[in-house]
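The values are calculated or read from the model by the stated rules, or taken from the named source; none is laboratory data. Given the structure is predicted, the values throughout are model-derived calculations rather than measurements. In this analysis, Cβ positions are derived from the backbone assuming ideal geometry, glycine residues included, and neighbour counts consider all displayed protein chains. All accessible areas refer to the heavy atoms of the entire protein, side chains included, with ligands and DNA or RNA removed. Shrake-Rupley method; radii C 1.70, N 1.55, O 1.52, S 1.80 Å.
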Amino acid sequence: MTIKSQTTLFGLTVAAGTLCATAVAAGTPERSGQSITPIFERGTYGELSFSAVSPDLTGETAGGDSISDLGDTYFAFAGAFKKDINDSLSFGVVFDQPWGANITYNDDATNGVFTDANTEWNSAAITALGRYKLGNGFSIHGGIRAETLEIDVNLPAAGAENTIKESTGFGYTIGAAYEIPAKAARISLTYHSAVEHKADVSFNDADDGETTFDMPESLNLEFRHAVSPTTVIFGSARYIDWTSLDINTNSFGDLVGYADDTLQTSFGVGRGFSKEWAGAITVDYEPPTDSPVSDLSPTDGKFGLGIGGTYTRDQTKISGLVKVLSNGDAVSNAGSAFNDNTTLAVGFKIARTF
């Protein structure tokens, strides 16, 4: 297999591992996966990606009434730029939307306190990264991250409309990697610190003081390895410390909190078919916690399958991926049951080496 077709194939592993990471669709507001793989690209490199995710979340209240589809379709954007300073040092910038949620109940009175309720999380983050090659295949990477976040949790039937106004917090990223270029192999471990936010709060359109909270720390393990000139395996594991997140407000009290941490895993196989074309299949899994979930995050764990392809022409790669996820069954704090739900996600990426 030629070097060009290998480049096509390995470009697909990046696309398959990062496109549609927004399709997490589990019971936490996780979206992007916070991958830093662009920092490992050769030369001067840039990418832009777009994802659309459509969850289908239905259930039944404790009283036996049907709950119509709660999951709102959402869109996500991401981008990255990387440049070599010299043979050992490189610099990169990654933009993503790490946290998000879009859940809406209709105004049917059978939904009780959740009649016309909704939650919406919006975020954006910029991470500035540096990477230094130590030699013998080892390298270290790290940088700083600026993150903005805004949260709405509205329960009109309970007379409680809460807004955590937009705030900006800062954190850091640090990690290490080992590569064997002859086997196109790489394994990397990256730690993302918690990010502290201090935000103004609004309760029923009135000032409700401030709240301070930490968005959780996480740990990413990512790998790839060519098992033949035309085939590569790749995967990742991501741990998130959700139990550390606790958002309290003066009027409502405990607004957001989680009883369990999460571990998300993904595995894929990519194969090159020609100098221009490569394809991949992926499997995603997050084990259920078996704990009651929030009625505004009504899933527990996930299992997903994806199929993608990459077309390479000269220095440009165009990738697409489709994922279908089975959202884990869940019982909410209010006794509602959510079963047999799915999420469909599609993603598109364009990348270029200069």
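One residue stands out among those in the range 116-129 that are touching a Leu at 6+ places or on another chain (Cβ under 7 Å) and not hydrophobic (A, V, I, L, M, F, W, C): the one that is farthest from Ser193 (Cα to Cα), which is Thr119. Quick one: count up the residues across the range 225-245 that are open to solvent by 50 Å² or more (accessible area, probe 1.4 Å), in a strand (DSSP E or B) and modelled with pLDDT under 95. Number satisfying all stated conditions: 2.
Against the list (1) open to solvent by less than 60 Å² (accessible area, probe 1.4 Å); (2) under 30 Å from Thr44 (Cβ atoms), the condition Arg313 fails is (1). Among what's in the range 67-93 and is in contact (Cβ under 8 Å) with a residue 12 or more places away in the chain and polar (S, T, N, Q), pick the residue that is farthest from Val322 (Cα to Cα). Among them, the one singled out is Ser88. Out of Thr289, Thr282, one residue alone is modelled with pLDDT under 90 and either open to solvent by less than 70 Å² (accessible area, probe 1.4 Å) or within 26 Å of Ser167 (Cα to Cα) (or both). It is Thr289. Applying the criterion of being of a type in the set (A, V, I, L, M) and modelled with pLDDT under 95 to the residues of the range 86-111, the residue that is surrounded by the fewest Cβ atoms within 10 Å (Cβ to Cβ) is Ala109. Can you tell me which residue in the range 246-279 is nearest to Asn204 (Cα to Cα), limited to those that are touching a helix residue (DSSP H, G or I) at 6+ places or on another chain (Cβ under 8 Å) and open to solvent by 60 Å² or more (accessible area, probe 1.4 Å)? Across the range 246-279, the extreme among qualifying residues is Ala259.
Looking only at residues in the range 47-85 that are of a type in the set (Asp, Glu) and surrounded by fewer than 22 Cβ atoms within 10 Å (Cβ to Cβ), the one that is nearest to Glu30 (Cα to Cα) is Asp72. Taking the range 94-108 as the range and being assigned to a strand (DSSP E or B) and without any contact (Cβ under 8 Å) to a residue 60 or more places away in the chain as the test, the residues that pass are Val94, Phe95, Asn102, Thr104.
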